[in-house]
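The values are calculated or read from the model by the stated rules, or taken from the named source; none is laboratory data. Remember, predicted model here, so these are calculated numbers, not experimental data. FYI the Cβ positions are ideal-geometry reconstructions off the backbone, even for glycines, and counts take in every protein chain you see. What goes into the accessible areas is simple: the full protein's heavy atoms, side chains included, and nothing from ligands, DNA or RNA. Shrake-Rupley method; radii C 1.70, N 1.55, O 1.52, S 1.80 Å.
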Amino acid sequence: ATPTRTGYTFAGWYNEAAGTTAFDFSTPITGTRTLYAKWTTNGYTLSFDTDGGSSVSSKTVTYNTAIGTLSTPTKAGYTFAGWTIDGTAETSSTGYTYTSNKTAVANWTANGYTLSFNTDGGSAVSSKGVTYNSAIGTLSTPTRAGYTFTGWTIDGTSVTSSTVYTYTTNKTAKANWNVIKYRVTYGDGANDYVDVAQ
């Protein structure tokens, strides 16, 4: 008979437990005899899904043996948080107990950054924490005598509270202003006026 064993392939019957000499089935049986099954540990392919991170090559793993060296991928705006197989955390020292090829999935933690504010002469605005790939969140509206606030820009790009933060460093948002002009009328003519800033 051919026995089965999870994670192993049957490699024949042997005369000793160490599996040194295969039993010759043409040998006459003259008394009680014990034969020992020999097993070969199965090998499987472990692939890697980096979920948008840098690629990682697949590797061969052996059943009931430590998985071995696992690469650390990178992904802009995120910190690598480890591998999981079928939702279970796996490391280099974890024994491979699966009986089929598997795919390890990379887990990531979004990085946090500091967003500072340059009001360009307006009222002060405190810096705030922002998370990569998440909406910036509430943005204050500064004031400045003689000017109307027209919004914030980061590196020249307009941003609002709903803008998703896609920068991978701390940034400074700059306030933009329109000067308020006042009409000064003089004389008695229809066009006797001039528009001036404060």
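Over segment 41-110, what is the relative contact order in percent, taking alpha-carbon pairs closer than 8 angstrom and at least six residues apart?
The normalised contact order for segment 41-110 reaches 40 percent.
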Open item on the list: Taking amide H atoms as placed 1.01 Å from N in the peptide plane, list the residues 5 or more away in sequence, or in a different chain, whose amide H sits under 5 Å from that of Tyr96.
Closed with: Asn64, Thr65, Ala66, Ile67
- [ ] Over the chain, calculate the relative contact order: mean separation of alpha carbon pairs under 8 Å at least 6 apart, over the residue count, as a percent.
- [x] 14
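Starting from 0.36 nm per residue, how many nanometres of slack lie between Val179 and Ala124 once their C-alpha separation is accounted for?
Numbers: separation 55, 0.36 × 55 = 19.80 nm, distance 1.85 nm.
This chain segment gains 17.9 nm when fully extended.
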TODO: Calculate, in nm to one decimal, what Thr27 and Thr143 gain on full extension: separation in residues at 0.36 nm each, minus their alpha carbon distance.
DONE: 31.7 nm
TODO: Would you please give the residues with an amide H less than 5 Å from that of Ser134, counting only those at least 5 places away or on a separate chain, with H modeled from the backbone geometry?
DONE: Tyr165
Task: segment 79-191, accessible surface, carbon-and-sulfur percent (1.4 angstrom probe) - done: 46
Task: Listed values (1) 60; (2) 33; (3) 14, entry calculated as percent of Cα pairs over 29 Å apart - done: (1)
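If you roll a 1.4 Å probe over the heavy atoms of the protein chains, what accessible area per residue do you get for the chain, in Å²? Mind showing how you got there, number by number?
Details: 11950 Å² over 198 residues.
Per residue, the chain has an accessible area of 60 Å².
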- [ ] Would you kindly state how much longer the chain becomes between Ala135 and Trp39 on full extension, computed as 0.36 nm times their sequence separation minus their alpha carbon distance, in nm to one decimal?
- [x] 28.9 nm
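Given a cut-off of 18 Å, name the pairs among Lys128/Lys171; Lys75/Lys128; Lys38/Lys59 whose C-alpha atoms lie farther apart than that in the structure shown. Don't skip to the end; give the middle numbers.
Numbers: Lys128/Lys171 10 Å; Lys75/Lys128 23 Å; Lys38/Lys59 26 Å.
With Cα atoms farther than 18 Å apart: Lys75/Lys128; Lys38/Lys59.
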Task: Label-to-label distance, nm, for residues given as Thr91 and Ala18 (7 Å Cα→Cβ offset) - done: 3.6
Open item on the list: Using each residue's phi in segment 122-139, evaluate 6.51 cos²θ - 1.76 cosθ + 1.60 at θ = phi - 60° and report the 3J(HN,Hα) Karplus result to the nearest Hz, with x for Gly and Pro.
Closed with: x, 5, 5, 10, 6, 5, 9, x, 10, 10, 4, 6, 10, 4, 4, x, 3, 10
Task: Paramagnetic reach from Ala76 in segment 159-198 [backbone N under 19 Å; point 7 Å along Cα→Cβ] - done: 159, 163-172
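Using the per-residue mean of other Cβ atoms lying within 10 Å as a proxy for protection, in what order, highest first, do the peptides 177-183, 101-107, 145-151 fall?
Packing order, densest peptide first, comes out as 101-107, 145-151, 177-183.
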